[in-house]
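K.L.:
This is the structure, below, for whatever I ask next.
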């Protein structure tokens with residue numbers, strides 16, 4: 001009897017060991033996969049930098065047209081030692097941030113309103129489809145004549161470009177709410193304001209976060225464009241100055257600094273999105 005009792009207790013204990021081993025192997029496998037992803041990104045960056053260095057050093061492209069990577073990075077490091085570079089960098093960040101903030105304040109509430117009302121979406125369809133395809137850079141001559149070449153023009157250009165992707169993403173996010181959840185809440189007598197707060201907005205937040213990430217890149221591009229062509233203070237103005245006086249190495253260094261700023265903002269918004277939306281299924285699937 002005792003032997004039979006011991007044998008009956010053995011399978012659960014023995015079965016638990018493989019389960020724990022399987023769980024540990026899955027965790028270690030996910031960590032290895034994440035590490036592999038990071039290594040792939042790092043290796044691609046290193047490969048691009050090495051190719052840049054080789055193209056210049058071997059003479060495949062003239063160093064006067066394409067300075068070596070090491071020379072460009074050294075020039076950027078030298079520029080970063082002075083306050084002039086950081087003042088220009090701060091102007092660019094300021095124009096980008098204000099433009100993105102205004103676009104968010106304007107586009108998100110309007111996108112929610114247009115997403116909730118079919119009548120409003122139909123009424124404003126023609127103005128939206130007319131204004132959205134207009135290239136933001138095409139407004140520069142108009143801004144020259146109206147606002148002038150100042151910080152207001154830079155902010156307007158950045159806001160105009162960032163407004164549209166954020167508006168469209170918000171509208172689609174509000175319209176993509178599960179109708180079963182909305183109908184269930186309505187059948188239980190949940191007020192419209194509470195349905196908006198508890199069902200619609202949580203469902204639309206991932207779309208809004210994606211829109212902000214896209215709008216962030218657009219806002220930075222247009223802030224830099226305004227500085228480049230309108231002469232407002234910032235990295236774009238410094239790059240225009242370097243191009244005018246044939247300072248090729250400084251030109252590439254400023255372009256590299258702008259690229260680093262762009263990828264840094266993208267990674268920052270992606271990290272914030274993962275942290276804030278950790279509860280959403282899309283983030284759990286991405287993490288898995």
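The values are calculated or read from the model by the stated rules, or taken from the named source; none is laboratory data. Since this is a predicted model, take the numbers as computed values, not measurements. Cβ atoms come from the backbone with ideal geometry, glycine included; neighbour counts cover every protein chain shown.
K.L.:
Quick check, is residue 115 within 22 Å of residue 192 (Cβ to Cβ) and either at pLDDT below 85 or under 21 Å from the mean Cα position of the chain (by Cα) (or both)?
P.N.:
When the stated conditions are applied, residue 115 does not pass them.
K.L.:
Within segment 189-209, can one find any residue that is under 15 Å from the mean Cα position of the chain (by Cα) and under 30 Å from residue 147 (Cβ atoms)?
P.N.:
Yes, segment 189-209 contains at least one residue that is under 15 Å from the mean Cα position of the chain (by Cα) and under 30 Å from residue 147 (Cβ atoms).
K.L.:
Go through (1) under 15 Å from residue 116 (Cα atoms); (2) part of a helix (DSSP H, G or I); (3) at pLDDT below 90 and name the single condition residue 185 misses.
P.N.:
Result: residue 185 passes all but (1).
K.L.:
Another question, then. Based on this model, can you work out whether residue 67 counts as in contact (Cβ under 8 Å) with a residue 60 or more places away in the chain, in a loop (DSSP other than H, G, I, E, B) and surrounded by 11 or more Cβ atoms within 10 Å (Cβ to Cβ)? Quick ask: steps written out before the conclusion?
P.N.:
Details: in contact (Cβ under 8 Å) with a residue 60 or more places away in the chain: yes; in a loop (DSSP other than H, G, I, E, B): yes; surrounded by 11 or more Cβ atoms within 10 Å (Cβ to Cβ): yes.
So residue 67 fits the description; yes.
K.L.:
Still on this structure, I have one more. Determine which member of the set 76, 106 is under 19 Å from residue 211 (Cα atoms) and either loosely packed, with under 15 Cβ neighbours inside 10 Å or in the same structural domain as residue 153 (by TED's automatic domain parsing) (or both). Give the derivation first.
P.N.:
Values: 76 fails: under 19 Å from residue 211 (Cα atoms).
So the residue among 76, 106 that is under 19 Å from residue 211 (Cα atoms) and either loosely packed, with under 15 Cβ neighbours inside 10 Å or in the same structural domain as residue 153 (by TED's automatic domain parsing) (or both) is 106.
K.L.:
Considering each residue of segment 245-285, count those that are surrounded by 13 or more Cβ atoms within 10 Å (Cβ to Cβ), at pLDDT 85 or above and more than 23 Å from residue 219 (Cα to Cα), and give that number.
P.N.:
4
K.L.:
Evaluate the following for residue 120: is it within 22 Å of residue 258 (Cβ to Cβ) and in contact with a helix residue (DSSP H, G or I) (Cβ under 6 Å, 6 or more places away or on another chain)?
P.N.:
Details: within 22 Å of residue 258 (Cβ to Cβ): no; in contact with a helix residue (DSSP H, G or I) (Cβ under 6 Å, 6 or more places away or on another chain): yes.
Criteria not met by residue 120.
K.L.:
Checking the structure you have, find out if any residue of segment 221-230 is farther than 19 Å from residue 99 by Cβ and either surrounded by 14 or more Cβ atoms within 10 Å (Cβ to Cβ) or modelled with pLDDT of 90 or more (or both). Explain how you work it out, then say what you get.
P.N.:
Taking segment 221-230 and keeping what is farther than 19 Å from residue 99 by Cβ, we get none.
Checking segment 221-230: not a single residue is farther than 19 Å from residue 99 by Cβ and either surrounded by 14 or more Cβ atoms within 10 Å (Cβ to Cβ) or modelled with pLDDT of 90 or more (or both).
K.L.:
Please enumerate the residues belonging to segment 114-147 that are part of a loop (DSSP other than H, G, I, E, B) and exposed (fewer than 11 other Cβ atoms within 10 Å of the Cβ). Spell out the reasoning first.
P.N.:
Kept after step one, since they are part of a loop (DSSP other than H, G, I, E, B), are these residues of segment 114-147: 117, 124, 132-135, 146-147.
Those that are part of a loop (DSSP other than H, G, I, E, B) and exposed (fewer than 11 other Cβ atoms within 10 Å of the Cβ): 133, 135.
K.L.:
Is segment 35-48 home to any residue that is in a loop (DSSP other than H, G, I, E, B) and either free of Cβ contacts under 8 Å to residues at least 12 places away in the same chain or closer than 30 Å to residue 136 by Cβ (or both)?
P.N.:
Within segment 35-48, the first condition is being in a loop (DSSP other than H, G, I, E, B), and the residues that meet it are none.
No - not one qualifying residue is present in segment 35-48.
For every residue, the table says whether it meets (1) farther than 24 Å from residue 218 by Cβ; (2) over 24 Å from the mean Cα position of the chain (by Cα); (3) at pLDDT 90 or above.
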| site | (1), (2), (3) |
| --- | --- |
| 18 | yes, yes, no |
| 29 | yes, yes, no |
| 39 | yes, no, no |
| 59 | yes, yes, no |
| 80 | yes, yes, yes |
| 107 | no, no, yes |
| 110 | no, no, yes |
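K.L.:
Quick check on this structure: which one of 233, 206 is outside the structural domain of residue 38 (by TED's automatic domain parsing) and modelled with pLDDT under 90?
P.N.:
Working: 233 fails: modelled with pLDDT under 90.
Testing whether each residue is outside the structural domain of residue 38 (by TED's automatic domain parsing) and modelled with pLDDT under 90 leaves just 206.
K.L.:
Continuing with this model, one more query. Of everything in segment 237-253, what is in contact with a helix residue (DSSP H, G or I) (Cβ under 7 Å, 6 or more places away or on another chain) and in contact (Cβ under 8 Å) with a residue 40 or more places away in the chain? Give them in sequence order. Can you show your working first?
P.N.:
Restricting attention to segment 237-253, the residues satisfying the condition of being in contact with a helix residue (DSSP H, G or I) (Cβ under 7 Å, 6 or more places away or on another chain) are 237-240, 242-243, 249-253.
237, 238, 249, 250, 252, 253 - these are the residues of segment 237-253 that are in contact with a helix residue (DSSP H, G or I) (Cβ under 7 Å, 6 or more places away or on another chain) and in contact (Cβ under 8 Å) with a residue 40 or more places away in the chain.
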